[in-house]
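Below you'll find the structure I mean.
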Amino acid sequence: MTARLIDGKALAASVRAGLKPRIEALAARGQRPGLAVILVGDDPASAVYVRNKVKACEENGIRSWFEHLPAQTSESELLARIAALNANPDVHGILVQLPLPKHLDAQKILETIAFDKDVDGLHATNAGLTLMGRPHFRSCTPYGVMKMLESIAYPLRGAHAVVLGRSNMVGKPMAMLLLAANATVTICHSATRDLASITRQADVLVAAVGKLKLVTADMVRPGAVVIDVGTNRTPDGKLAGDVDFDAVREVAGWISPVPGGVGPMTITMLLVNTVEAAERAAARSPSAIGRRPTEPHI
Ligand code: GUN
């Protein structure tokens with residue numbers, strides 16, 4: 001059996017199309033959604049991610065502010081920038097790109113973002129609300145994976161979902177969203193014994209470790225849904241996930257590719273969260289028509 005593809009690129013396009021009228025409705029009231037993205041330092045991969053996020057905003061009618069701060073930026077300088085964005089009513093979402101330079105305490109920085117502007121879903125309050133089954137902002141990658149499962153109408157109730165990886169950004173919130181959808185969830189990590197015996201029980205297998213070809217065909221139950229969150233480089237420089245795609249696709253029932261799977265959905269869910277943040281702000285405040293917009297500063 002050859003697995004059917006879960007096309008993240010096509011799904012992302014359809015989710016973005018669904019956002020368009022919502023963005024236009026907000027813009028018509030003078031409340032165009034706005035996202036501020038902060039990058040500290042010169043990590044080349046982060047620079048690419050950030051550029052893609054800003055570009056996605058531009059393509060979809062969302063205002064963006066990109067603040068590129070030097071690697072030696074102090075904690076107090078960064079906190080001051082976040083405080084200014086928290087106070088700016090035109091900014092509905094704030095994202096601090098991770099990883100941060102080593103001298104900065106990432107969790108402390110993330111916690112400084114107003115939780116109702118934390119469109120990344122990484123603030124402790126948002127993580128906690130997701131844990132409690134009443135999410136305010138869901139972490140973008142797990143949120144995108146849930147949309148992918150929804151797109152194939154996969155019946156998660158009672159299904160065994162196995163998550164590989166326990167990061168705060170993907171593994172843990174992924175497990176919580178699957179649990180909220182009534183899946184039976186197992187989280188595996190670097191200390192898990194006999195990984196294959198667990199993955200072979202999975203109806204849904206989500207790989208979010210960051211290790212090339214971690215998931216091989218013998219680790220997958222025939223017909224299972226395999227979602228690949230990994231972003232790795234092959235020895236010849238190509239982008240590839242955590243799953244041995246060519247082999248696993250012969251066993252799985254559904255599989256998401258890398259590139260073209262989870263990646264486009266992560267950015268799309270960031271746009272969804274930003275639009276939701278703007279809609280909530282609009283519901284709280286009267287029309288902003290007539291108010292002078294603040295100038296973007298690059
Ligand atoms: N670094 C890699 N992916 C992400 C993400 O989704 N959000 C943030 N803030 N940093 C990242």
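The values are calculated or read from the model by the stated rules, or taken from the named source; none is laboratory data. Note that the structure is predicted; figures quoted are calculated from it, not measured. Because the Cβ atoms are built from the backbone with ideal geometry, glycine has one as well, and the counts that use them run over all protein chains shown. Heads up: the accessible areas ignore ligands, DNA and RNA and are worked out on the full protein's heavy atoms, side chains in. Shrake-Rupley method; radii C 1.70, N 1.55, O 1.52, S 1.80 Å.
Out of everything in region 249-268 that is within 14 Å of the chain's Cα centre (by Cα) and not in a loop (DSSP other than H, G, I, E, B), what residue ends up being farthest from LYS213 (Cα to Cα)?
Ranking the candidates gives THR268 first.
In this structure, is TYR154 closer than 17 Å to ALA252 by Cα and either in contact with a His (Cβ under 7 Å, 6 or more places away or on another chain) or crowded, with 18+ Cβ neighbours inside 10 Å (or both)?
yes
Sticking with this structure for a sec: Taking interchain pairs and intrachain pairs at least six residues apart, which have beta carbon atoms under 9 angstrom, with the first residue in region 29-56 and in contact (Cβ under 8 Å) with a residue 24 or more places away in the chain and on the phi > 0 side of the Ramachandran plot and the second among the charged types (D, E, K, R) and more than 9 Å from the ligand (Cβ to nearest atom)?
GLY30/ARG291
Among the residues of region 1-8, are any over 19 Å from the mean Cα position of the chain (by Cα), among the β-branched types (Val, Ile, Thr) and open to solvent by 70 Å² or more (accessible area, probe 1.4 Å)?
yes
Hey, another quick one. For region 97-125, what are the residues that are of a type in the set (Lys, Arg) and open to solvent by less than 50 Å² (accessible area, probe 1.4 Å)?
Result: LYS117, single match.
Can you tell me which residues in region 227-236 are open to solvent by less than 40 Å² (accessible area, probe 1.4 Å) and part of a loop (DSSP other than H, G, I, E, B)?
Selection gives VAL229, GLY230, THR234.
If you take the residues of region 126-149 that are in contact with a helix residue (DSSP H, G or I) (Cβ under 8 Å, 6 or more places away or on another chain) and free of Cβ contacts under 8 Å to residues at least 24 places away in the same chain, which of them is most open to solvent (accessible area, probe 1.4 Å)?
Per the criteria, the residue is HIS136.
Let me ask you something else. Out of ALA196, ALA224, ALA183, ALA207, I need the residue that is open to solvent by less than 30 Å² (accessible area, probe 1.4 Å), more than 29 Å from GLY121 (Cβ to Cβ) and not hydroxyl-bearing (Ser, Thr, Tyr). Which one?
When all the criteria are applied, what remains is ALA196.
Only one of ASP218, ASP242, ASP236 is among the acidic types (Asp, Glu) and under 19 Å from the mean Cα position of the chain (by Cα); which?
ASP242
Also, quick follow-up: When region 126-147 is examined, which residues are found to be within 16 Å of the ligand (Cβ to nearest atom) and either part of a helix (DSSP H, G or I) or hydroxyl-bearing (Ser, Thr, Tyr) (or both)?
ASN126, ALA127, THR130, SER139, CYS140, THR141, PRO142, TYR143, GLY144, VAL145, MET146, LYS147
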